[in-house]
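The block underneath contains the structure these notes are about, expressed in structure tokens.
Nothing in this text is a laboratory measurement; each read-out follows from the coordinates by a stated rule. This one's a predicted model, so the numbers in the text were calculated from it and none came from an experiment. We place every Cβ from the backbone using ideal geometry, glycine too, and count neighbours over all the protein chains shown.
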């Protein structure tokens, strides 16, 4: 009889209190059982031929080893039609904002180096494209940071200003929209 008087809101609050903090408790339980916890790597090495850009994950975002204050990570695959369609737009933006913007293509598929060279030439890519072992770990870490599923849709682009998250897009986005956001991001550059 007493339970009937409890409001629905009170029942929901009790359920949330009883079931909250599940992720932390699960991690602690895993550690108590002696299972190994897999930690996300804190540093990623992105490679484009002989060039390397390091991305060090910190509390506020990433520290990139590039001089440009704005970094756009573009997670893509060579087989993806929307990914291929956005390449000319990204190439335009890279050229237009040279020195201020560093576009970093992050391949999420496995491509032979000779095939990648042909792909770059065929599509006029003028920006950094990483095909490194760390790509998938960076993709998973970034998706987690953005609360995206591990099998997120591509293309997925993420803009950072001085290493701090600024904006992200999932799916194809018009060049004008990206450029508008780049202009806004430039206002935050110090």
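See the values below:
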{"quantity": "Residue 52-residue 180 pseudo-label distance in nm [points 7 Å out on the Cα-to-Cβ vector]", "calculated": "4.0"}
{"quantity": "Exposure proxy order (Cβ contacts within 10 Å, fewest to most) of 156, 136", "calculated": "136, 156"}
{"quantity": "Tensor-based shape of region 67-190 (alpha-carbon gyration tensor, a/c under 1.5 rounded, otherwise prolate or oblate)", "calculated": "oblate"}
{"quantity": "For region 43-186: relative contact order, % (alpha-carbon pairs under 8 angstrom, 6 or more apart)", "calculated": "31"}
{"quantity": "Residues 93, 186, 73 arranged by fewest to most Cβ contacts within 10 Å", "calculated": "186, 93, 73"}
{"quantity": "Residues 106, 189, 111, 129 arranged by fewest to most Cβ contacts within 10 Å", "calculated": "189, 111, 129, 106"}
{"quantity": "Residues listed by number, region 122-159, amide nitrogen under 17 Å from residue 92 label point at 7 Å toward C-beta", "calculated": "123-127"}
